[in-house]
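Just so you know, all these numbers are worked out from the coordinates, no wet-lab data involved. The structure presented is a predicted model; accordingly, all values stated were derived computationally and were not measured. Cβ: placed from backbone, ideal geometry, glycine included. Neighbour counts: every protein chain shown.
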Amino acid sequence: MDERGRHMTEGARGWSRRDLLRRGALLVTGAAAGAGGTDLWLTHRRLPLAGGPASATVGNGAQDVGNGALPVVWSGSTPQRLVALTFDDGPAPQWTPMVLDTLAQHRVPATFFLVGTQVRKHADLVRDRLAEHEVGNHSWAHRDLAQLDAAAAYDDLSRTHDVITDVTGRAPRLVRPPYGHLGGAVLHAAARLNYRLVLWSLQMVEREFPDDPAGHARRIVDGVRPGTILLGHDVGQRRRLVALRGLPDMIIGLRERGYTFVTVSALLGAGVARTPNG
């Protein structure tokens, strides 16, 4: 070993574990940036540490993980022409009534993944108008749960679970994390609550037809397959409003192709949940 290498080795002996992890993370981050990549954000996420955002464990003690398993689904596996319509981020008085009016007019059930702060703020809307639909957990304030540690992710989802149960009289059994981000802490928290974690296989956010609700509806109809879980929003932006204005045409178009609308739980009960390998 040359003189430079010997000095580096001797210096490393005095570093703490945190120093080593941080130095290693910075080296990886710097290498990625130098290669034209983006910041890997390793030190912030504390990747190597149990209980951190990337970890699905909380250390070496006995873990409370509900029934010990967590199904994660993107769609249903069924030969039947079934489709589940879902709406995230509500309830919101400017948007949710528009969605509910359309669903009621066409007698379509849906699954609403609710944000806890919105449920607390608009409790009357949830009590009065969501009785015919399924409800799921979509976090307390739409933070990225994949950035939280295991305890914080659980507290967030548990708080939301309680307010949804209190207001609707029904305990949610489904969860969809904001942005679909699946950090290990999110998985651990969902398992503790005995949830089924639901993502989606087709989304209704419009990019191809920004001013054409009918064109958007045709795109959705063409993309649906048996077992599709459709992602929509009842809060949000102009692109989402285009999707909602095209909702009647989409419903009619899918029914003309022989599709039946069901809740997510009914869809998953009709077949085996589809995983990436299934």
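Rank the residues Tyr259, Tyr195 as a footprinting-exposure proxy: fewest other Cβ atoms within 10 Å of their Cβ go first.
Taking fewest neighbouring Cβ atoms as first place, the list is Tyr259, Tyr195.
Would you please classify the overall shape of region 111-161 from the alpha carbon gyration tensor, given that a ≥ b ≥ c denote the square roots of the eigenvalues, rounded means a/c under 1.5, and beyond that prolate means a/b larger than b/c while oblate covers the rest? The partial results should precede the final answer.
Details: a/c = 2.89, a/b = 2.24, b/c = 1.29.
Note, shape of region 111-161 comes out prolate.
What is the magnitude of the charge dipole of region 72-274 about its Cα centre, with +1 placed on the Cβ of each Lys and Arg, -1 on the Cβ of each Asp and Glu, and no other charges, expressed in debye to the nearest 20?
So the dipole magnitude of region 72-274 works out to roughly 400 debye.
Rounded, prolate or oblate: which one fits region 72-274, using the alpha carbon gyration tensor with axes a ≥ b ≥ c (rounded when a/c is under 1.5, else prolate when a/b beats b/c, else oblate)?
Judged from the Cα gyration tensor, region 72-274 comes out prolate (a/c at least 1.5, a/b above b/c).
Would you work out if region 54-135 is rounded, prolate or oblate? Take a ≥ b ≥ c from the square roots of the eigenvalues of the alpha-carbon gyration tensor; rounded if a/c is under 1.5, else prolate when a/b is larger than b/c, oblate otherwise.
In terms of gyration-tensor shape, oblate.
Could you give the dipole magnitude of region 123-191 about its Cα centre, charging the beta-carbon of Lys and Arg +1 and that of Asp and Glu -1, in debye to the nearest 20?
Result for region 123-191 is approximately 140 debye, rounded to the nearest 20.
Sort the following peptides by mean Cβ neighbour count (other Cβ atoms within 10 Å, averaged over residues), highest first: 109-117, 122-130, 178-186.
Listed from highest to lowest mean packing, they are 109-117, 178-186, 122-130.
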